[in-house]
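Scroll down for the structure; my scribbles are underneath it.
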Amino acid sequence: MNEKKKFNVTFWIVIGLAAGIIVGLIMPAWLYTPLSVVATIYMSALKMMIYPLVFCSLVIGIVGIGNIAKTGKIGLHAFLWYTGTTAFASGLGLILPKLLHLGENASITATATEVEAATFGGLLDTLTSIIPSNPVTSFAEGNMLQVLAFAVIIGLACLSLKEKAQPVADLCQAINDISILVVSKVMLCTPVGVFCCIATVMFTNGTTTMIQLAQVMIALYVCYALYAILVYGGMVKVFGKCSPAKFFKNVAPAALNAFGTCSSSATIPISMRCATEELEVPEEIASLTLPLGATINMDAVSILMSFMITFFASACGVPMTTGTMLTILACNVLLSIGTPGVPGGAIAAFAALAPIAGLPVNTILGVYISVNTLADMGATCVNVLGDLACTAVLKQTLRKVTGK
């Protein structure tokens, strides 16, 4: 009965996705506002528990490991997995468009669109600001890296103090349980929430945008699918000792929610459930790898960035030398650490990468933003799959570390 119920939730999420696409293309303008209100409420309800859940689960996860060395080892393994796959993804995104000759017949002309690119400091600014001077501000502003850093500090302090810090650990456990309960109730509304999110996205972009860059979008999504199946499927089979088909079935709710919401951060609660309940990953591993992955695992965003940089270079007649491609690859990996896991987070990364590649930002940024959401939906879905694949792999590779 329980398995059947979970399968039905996934089924209705798919129905919500399909219905949202159809309705978004044909709905009248007056319907946009009510659907947008519902989508906003759903996203707010899901985001409401993100930071309490992430902070408390990370603290109790560190305390549950019971050893500072073990905590560092899990974090290091996850970081190496994420950065390694991101580098591979970035390289794939650079090579595939050139093989398919995408953009060679396109002509991008300057537009009158005025766009203020988001400020993006890169790796150095990220490192210098990772320790929060005011943790309350970090929670209020939604600075995930600072929240993670603060949680790690508190968790390690609890480990050092042991019994003296048990009341804090118990409080975090209680808040974590409350957060999971709230998330489980919000999950019942996921099909409706995803329907509204997708419908408004499709209505805003319309068929014109779809037709203009259809070739690029199709190639991009084929690349997403191949990467997820071959890389993540291969990871969980070889290193995670799990059937790829079973893995993708078990994590479908998180992947589909990520596709509909374009937010890997907002999907953390659902990913946590999939990891601990479906994949049977120990909570001390999932509570570290999933929040970390939502922050620094940007495999599909790296594919997207490389893909679009290569496309626009061809369309604008800007040569992409081997040196330029290697520079883009390296910068892509570094920038991924600071790219926020929220809708539109990739725009900042693209605005930072384009001038590095010698592209005319004022000419292409408006065009990129017009398709960003459509591209970002698939990228977010793949990123979440990567978070869960890494988590499943570390369940096996760190079995001796966790003792489970």
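The values are calculated or read from the model by the stated rules, or taken from the named source; none is laboratory data. Predicted model only: the values in this text are computed from it and were never measured. Virtual Cβ from ideal backbone geometry, glycine too; neighbours counted across all protein chains shown. Ligands, DNA and RNA are stripped out before the accessible areas are found, and what is left, the full protein with its side chains, is counted by its heavy atoms. Shrake-Rupley method; radii C 1.70, N 1.55, O 1.52, S 1.80 Å.
Values for this structure:
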read-out	value
Ser179 more than 24 Å from the chain's Cα centre (by Cα) and modelled with pLDDT of 75 or more	no
Every pair of residues 6+ apart whose Cβ atoms lie under 8 Å, when the first sits in the range 217-241 and is without any contact (Cβ under 8 Å) to a residue 12 or more places away in the chain while the second is of a type in the set (S, T, N, Q) and open to solvent by 10 Å² or more (accessible area, probe 1.4 Å)	Lys237/Ser243
Within the range 237-269, considering residues that are among the hydrophobic types (A, V, I, L, M, F, W, C) and touching a Ser or Thr at 6+ places or on another chain (Cβ under 8 Å), the one nearest to Thr40 (Cα to Cα)	Cys262
Residue in the range 139-147 that is without any contact (Cβ under 8 Å) to a residue 60 or more places away in the chain and touching a helix residue (DSSP H, G or I) at 6+ places or on another chain (Cβ under 7 Å) present	yes
Failed item in (1) open to solvent by 30 Å² or more (accessible area, probe 1.4 Å); (2) modelled with pLDDT of 80 or more; (3) not hydroxyl-bearing (Ser, Thr, Tyr), with Glu141 passing the rest	(2)
Selection count, the range 237-255, where residues are more than 16 Å from the chain's Cα centre (by Cα) and assigned to a loop (DSSP other than H, G, I, E, B)	5
Residue within the range 11-23 that is out of contact with any Phe, Trp or Tyr (no Cβ under 8 Å at 6 or more places or on another chain) and modelled with pLDDT under 70 present	no
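Yes/no per residue for (1) at pLDDT below 85; (2) over 22 Å from Leu181 (Cβ atoms); (3) among the hydroxyl-bearing types (Ser, Thr, Tyr); (4) surrounded by fewer than 24 Cβ atoms within 10 Å (Cβ to Cβ):
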| position | (1), (2), (3), (4) |
| --- | --- |
| Ala245 | no, yes, no, yes |
| Phe248 | no, yes, no, yes |
| Pro253 | no, no, no, yes |
| Arg273 | no, no, no, yes |
| Pro291 | yes, no, no, no |
| Ala294 | yes, no, no, no |
| Phe311 | yes, yes, no, no |
| Pro319 | yes, yes, no, yes |
| Gly323 | yes, yes, no, yes |
